[in-house]
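Colleague: Pasting a structure here, questions to come.
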Amino acid sequence: MEGKGIASFLGIYMSETMLLMRRFLSDEFIKQRIGMRFEDWMLLLPLVESESSNQKELSERLVKDKTTVSRLVDGWVKKSWVKRVVSDTDKRHYHLRFTKKGKEIWEKGIPIVQSADQVFRKDLSEKEEKELYLLLFKIQSSVQFANLENK
């Protein structure tokens, strides 16, 4: 792909692929009417993985500024998906936790994501899939290492 302009850059090509995948998933979430957009589903993923998090940790994990995360959390609290719980160790801090309603709605997205994953994998052999994971891991490691060097 060398010499074919900016569209041939690996990062650009991967971004275009991710946009197509996100659009596909967003459309599927809309079709299934689960009560949550795919974008929110993805942004809530760190809370699912950690059970409890504060806004600062969420901001770092999502690579979003504190104001944006605060606005997101306010919206989630308003929809009763998430609640703020005062920290036991420091009353000035809050932990974010899923509500029962939020967890139930979020879990409705799992089959949609699983089904989409099958679409994404359908033309890959098992060997190609393993190679893809390895290549993506290498790219992620290179980027993380470069970030550490730049700090």
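Colleague: Within the stretch 97-127, how many residues are among the hydrophobic types (A, V, I, L, M, F, W, C) and either touching a Lys or Arg at 6+ places or on another chain (Cβ under 6 Å) or outside any helix (DSSP H, G or I) (or both)? It would help to see each step written out before you state the result.
Modeller: Step one: of the stretch 97-127, the residues among the hydrophobic types (A, V, I, L, M, F, W, C) are 98, 105-106, 110, 112-113, 116, 119-120, 124.
From what's left, either touching a Lys or Arg at 6+ places or on another chain (Cβ under 6 Å) or outside any helix (DSSP H, G or I) (or both): 98, 124.
The total comes to 2.
Colleague: Give all pairs with beta carbons closer than 8 Å in which a residue from the stretch 44-59 that is closer than 20 Å to Arg71 by Cβ meets a residue that is of a type in the set (Gly, Ala, Ser) and not in a loop (DSSP other than H, G, I, E, B); count only pairs at least 6 apart in sequence or on separate chains.
Modeller: Leu44/Gly102; Pro46/Ser53; Leu47/Ser53; Gln55/Ser70; Glu57/Ser50
Colleague: Restricting attention to the stretch 57-91, which residues are at pLDDT 90 or above, exposed (fewer than 14 other Cβ atoms within 10 Å of the Cβ) and over 19 Å from the mean Cα position of the chain (by Cα)?
Modeller: Within the stretch 57-91, Lys78, Ser80, Val85 qualify.
Colleague: In the list Lys83, Lys130, which residue meets the criterion of being basic (Lys, Arg), part of a helix (DSSP H, G or I) and without any contact (Cβ under 8 Å) to a residue 40 or more places away in the chain? Break it down stepwise before answering.
Modeller: Working: Lys83 fails: part of a helix (DSSP H, G or I).
Answer to the selection: Lys130.
Here's the yes/no breakdown for (1) among the aromatic types (Phe, Trp, Tyr); (2) surrounded by 12 or more Cβ atoms within 10 Å (Cβ to Cβ); (3) over 30 Å from Ile34 (Cα atoms); (4) modelled with pLDDT under 95:
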position	(1), (2), (3), (4)
Trp106	yes, yes, no, no
Ile112	no, yes, no, no
Ser115	no, yes, no, no
Val119	no, yes, no, no
Glu129	no, yes, no, no
Ser141	no, no, yes, yes
Lys151	no, no, yes, yes
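The values are calculated or read from the model by the stated rules, or taken from the named source; none is laboratory data. Quick caveat, the model's predicted, so the values are computed rather than measured. We place every Cβ from the backbone using ideal geometry, glycine too, and count neighbours over all the protein chains shown.
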